[in-house]
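Working notes, structure below.
The values are calculated or read from the model by the stated rules, or taken from the named source; none is laboratory data. Computed from a prediction, not measured in an experiment: that's the story for all the values here. Here the Cβ positions follow ideal geometry from the backbone for every residue, glycine too, while neighbour counts run over all protein chains shown. The protein model used for the area step is the full one, side chains on, heavy atoms only, and it has no ligands, DNA or RNA in it. Shrake-Rupley method; radii C 1.70, N 1.55, O 1.52, S 1.80 Å.
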Amino acid sequence: MTYISRMQRVVVFILVVLVLGCKKEPTSWNTSNSAPLINTSLGVYDLIEDSLLSTGDDNLVSLVYSNELINFGVDSLVEVEEDTISNSFNIFPVSELEVNPGQQFFNQSEVIDFEQVDAALRRAVIAEGSLSLNATSDIEGDILFKVFIPRATRNGISFEYEAIIPAGSLSAPGVLNESANLEGYDLDLTGISGTAFSEIEILYSLTVPEYEDNVTVFSFNEVSMEITFDGLELSFVEGFLGSEVIEFNEKAFFESIPELNEAILNLSEASLDLSISNGFGIDLQTTLFSVKADNSITGNQVDLTHSIIGSSINLNRAELHEQTPTPSEKSFLIDHTNSNLIDFLEVIPDSLSIQGRVELNPFGNISNYNDFASAQSSFKCTANLEIPLRASFSNLLLRDSSNVDWGEENQIQKTTFYLYSRSTFRADATIDLRVVDESNNVLINLTDYILDDLPPVIPGATGSMQETNTIAFELGETEMEALSRASQIFTELRFETTNYPDLVEIRSTDRIDILISAEVDAQFEF
Amino acid sequence: MRLGLILILFFLADAAWSQSFFLQDGSLSYDSSSTSVINIEVQRIDQSNAISREMIGKFFFGGHISDSEKGNVRDRLDGENYYGGELSPSINYTFFQPGKSSGWSVSYHYRNLNTLAFADDLYTLFFYGNNEFLEEPAFLNENSLRIFNYQSLSFGWVDKKTGSNFRVGVYDNRSFSEIDINQTTLTTGINNSGPYPFADEILLQAGTYSSRQSSSGGIFSSGIGFGLSGEYTFQIDQSRFILGVDDFGAMHLNNMEERDTSGVFEYRGFEWEVGEGSPLNDVFSTLEDSLSPNGRVLNTWVFLPALLKASYISPDFGKFYLRADGSYRLNMGFRPELGLAITYRLENYNAVWVRPVVGGFNDFSVGLGAQFAVFNNTLVRAGSNHLFGVVDGEGTATSLFLQIVQKL
């Protein structure tokens, strides 16, 4: 028995030692692997936003800034304000009237005259808006309120709307508040006669509904009615749209302009295409008082000098084809031969300001009430600036940043990165790679770890041959640990053409192909 | 974790003799007066012709595998390398009705079986990395992995006089995997055009790759099977013979994912467009996705990995007798194994033996075992059939077994 007890104690001891001693830790071993990691190909379209570039027939790339300086739509020309018909009904001096079910006991015809509109309209199509019906009645029975507009049609059917004014009493009248959607209705605004302008007839009536018993209307009863055109927006109007003069003072900002301020671009080949377009069925006459380039950082401003400034520009009316206006346009090519464009651009503008006026129908109602304006109509002035990338770059800087999330990594002891490049750009590119943490603190400047003191340069092509190059970066355990905390990598390419002739052309076919490969000595764990 | 270890240590027994009613000398583990027998067994086996016990231990329990440990294994690689592992705990209760010549039993088994066949270059690639193959391709031929994890509940009949028995069980799949990679090479392309050679391409030429995998959530959710187990014993002159089988049957696997592919996969780094964020985050998962063949889900039958076993127990010669055991497990890639135990009989049931073993993945090993009565009605068999790995971490085969028989 003693022997057994001792043995049991030994077994228990061994179990405890084994259980406590076998604490699980990661299984690990050292490995050394090589693999290509990233393969990328950079062209000028990858480095500068596509919308800022255009390519000519010879593949020569130009910087293009296109901006609308002015854009007026139909709502700037024709605005229809709220208009209301009000009426009331009673039978005084008759003391009492017995009305049978289905019997109409009041009807009225009225003409709404859109007097606020500074135009003589023959027709209008409603894009948005409603007809509000508001009524009160102290008659002790429901009343049917009907509204009919014979010359407002949609799909060939005239507008008609019915609503019940609930039964009421002297102390608590019945109240109706409803609105009917007018979207898509085509209004003939020539009135009852068919020869008027900006008028439309509305018919409305009161009837005892079929479901009611006889309703007695007393002399003290009253029905008040209001019919209101509410929030009208028009998609098409026709008529004489007036001879209004509109002054404008607009400013347009450029977006996403790359940092070219250290590049010496050949501005003598730059051109500014100023295009003015009239999408209304109205003759227009416009005058540009000034076009100003503004750099908000330096505060520098330059006014454009060109024969267009201060001159009257007549724009013919647009033509209408299948309800779609075809604008009339005038374009003015401005370059260094006919303007101060080089001075204008040298301020590196981040906005352009334009001041002027536009006059509608400067020669009166010569269309005989056949002016038109549609939702697609606009009066626009567009600036298209083009600078061919035939330039001498002393310092063309292109930057990009990429988010990084390394996740859980194995313990890396040493990593050698290889940056292999093939370039057809006729410019050397100095590369700068900075790894930053979430607070934008620089963790590593990778170019500090280039082997053999080689310069961090991707050499440009010579002649028609692409240039290849390999740079190696060696990172130890400390640097890899820092890299694991990275949240972003900032890449900067600084193009230089100092080793090239005066002007270097950038073509859409030029590319830098980059392959990043790594040789990793790591402790693999699981 | 501790509970798991306790269970592993507790459930160590010789699966080759799972639920046997026979002792080392072929006699019965109960007597005529016994009404019930509880039999608890566990066995853990790790066998390889290359991988050391130390490395296997670090795989399961953690730790750093040193360069010298990796090197020792590498030196043993001979083109065709194998590993087989098994963990088999079980418990059986047998009830003998008084006055009846037979009894009824109920058993629970859990079985975890793993086999791995691998090429030299797969080992080198896995433990050293592809820098070992910068000048020539890594040949990844004849690689396979089999994992079958299941549990069973069996009901059986036992002839009380002879110990011959028969069990019918229902089986529940826990996990099933079959992966085969053949005629495959992995080449790391090197760019030598500049001052620094570097990898610019990884080329995987896959002859065939196939996998079938099914793993479980709840009981019977991924597969249900039926199987037979049993033993038959007979005597010729003074020699005893025992023939037996475990897990002879089949399992119907549900929702098994089957994939196969062949072809060439080229990897030249991930295409990256400026401003898109770093693609390094998920290099490996993306690579895995791009290499993974399209799969299909199917329901199918597979054979259970039946164990065939036969024993011969010689007549005594003095205090000694011999026991020869042969066993072969089907369908998992295991190899047949033959052991010859030279047993020294002590008083009563007690005995000790030394057992040379040939076959299996280890070709040759030596085991030691003992059988002894702890209390009047308790018998314990314990030992190892593969002792080299137990005493030396560099040994490539290790096993431990424990069997406790409680007569009531």
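Data table
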item	result
Additional length obtainable on full extension of the chain from A:Asn340 to A:Thr478, 0.36 nm per residue less Cα span	44.0 nm
Reachable aspartates and glutamates from A:Lys251, criterion Cα separation under 18 angstrom, eight or more residues apart if same chain	A:Glu68, A:Asp273, A:Asp294, A:Asp303, A:Asp350
Kirkwood Rh, angstrom, the protein assembly as shown [1 / mean 1/r, Cα pairs]	38.2 Å
Simple spin-label estimate for B:Phe320 and A:Ser169 in nanometres, 7 Å along Cα-Cβ	12.5 nm
B:Ser193 versus A:Asp453: modelled label distance in nm, points set 7 Å from Cα along the beta carbon direction	2.8 nm
Assigned charges on the beta-carbon of Lys, Arg, Asp, Glu; the protein assembly as shown dipole about Cα centre (debye)	8660 debye
The range A:341-371 residues near the modelled A:Ser51 label - backbone nitrogen below 17 Å, point 7 Å along Cα→Cβ	A:350-352
Sites A:Thr153 and A:Asn300 - FRET efficiency at Förster radius 56 Å, r taken between beta-carbons, to 0.05	0.45
Interface burial for A against B (accessible surface, 1.4 Å probe, total of both chains, Å², rounded to 100)	4000 Å²
Over the protein assembly as shown: helical MRE at 222 nm, DSSP H runs n ≥ 4 each giving -39500 (n - 2.57), nearest 500	-2500 deg cm²/dmol
Cross-link reach list, lysines versus B:Lys58, counting only Cα pairs under 17 Å and skipping chain neighbours closer than eight places	A:Lys23, A:Lys24, B:Lys70
DSSP-assigned coil residues among GluC sites (Glu not before Pro) in the range B:87-167, each with at most 11 further Cβ atoms within 10 Å	B:Glu135
Paramagnetic reach from B:Thr35 in the range B:79-102 [backbone N under 14 Å; point 7 Å along Cα→Cβ]	B:94-100
Computed lengthening from B:Glu257 to B:Asp67, 0.36 nm per intervening residue step minus Cα-Cα distance	64.7 nm
Proximal charge balance of B:Asn362 [Cβ under 14 Å; K/R count +1, D/E count -1]	-4
Neighbour cut-off at most 13 other Cβ (10 Å), DSSP loop, trypsin sites (Lys or Arg not before Pro), the range B:94-146	B:Lys100
Residues of the range A:427-444 with amide N under 14 Å of the 7 Å Cα→Cβ point at A:Ser464	none
Listed residue (A:Ser193, A:Phe114, A:Leu203) projecting farthest to the positive dipole end of the range A:81-240, Cβ model	A:Ser193
Probe 1.4 Å, accessible area per residue of the range B:125-243, Å²	46 Å²
Cβ charges +1 (Lys, Arg) and -1 (Asp, Glu), total dipole of chain A, debye	2020 debye
In nm, spacing of pseudo-spin labels at B:Glu135 and B:Phe364 (7 Å Cα→C-beta vector)	3.6 nm
Delta accessible area of at least 40 Å² on complex formation, residues of the range B:179-209, 1.4 Å probe, chain isolated as reference	B:Tyr196, B:Phe198, B:Ala199
Which of B:Ile147, B:Asn191, B:Ala50, positive extreme of dipole for the protein assembly as shown (C-beta unit charges)	B:Ala50
For chain B, size of Cβ-based charge dipole, Lys and Arg +1, Asp and Glu -1, in debye	2520 debye
Selection from A:Asn181, A:Ile143, A:Thr509, by position along the positive dipole direction of the protein assembly as shown (Cβ)	A:Thr509
Chain lengthening between A:Ser109 and A:Leu503 when straightened (0.36 nm per residue, less Cα-Cα)	133.9 nm
Carbon + sulfur, % of accessible area of the range A:81-240 - ligands and nucleic acids excluded, 1.4 Å	44 percent
Accessible area of chain B belonging to carbon and sulfur atoms, whole % at 1.4 Å probe	60 percent
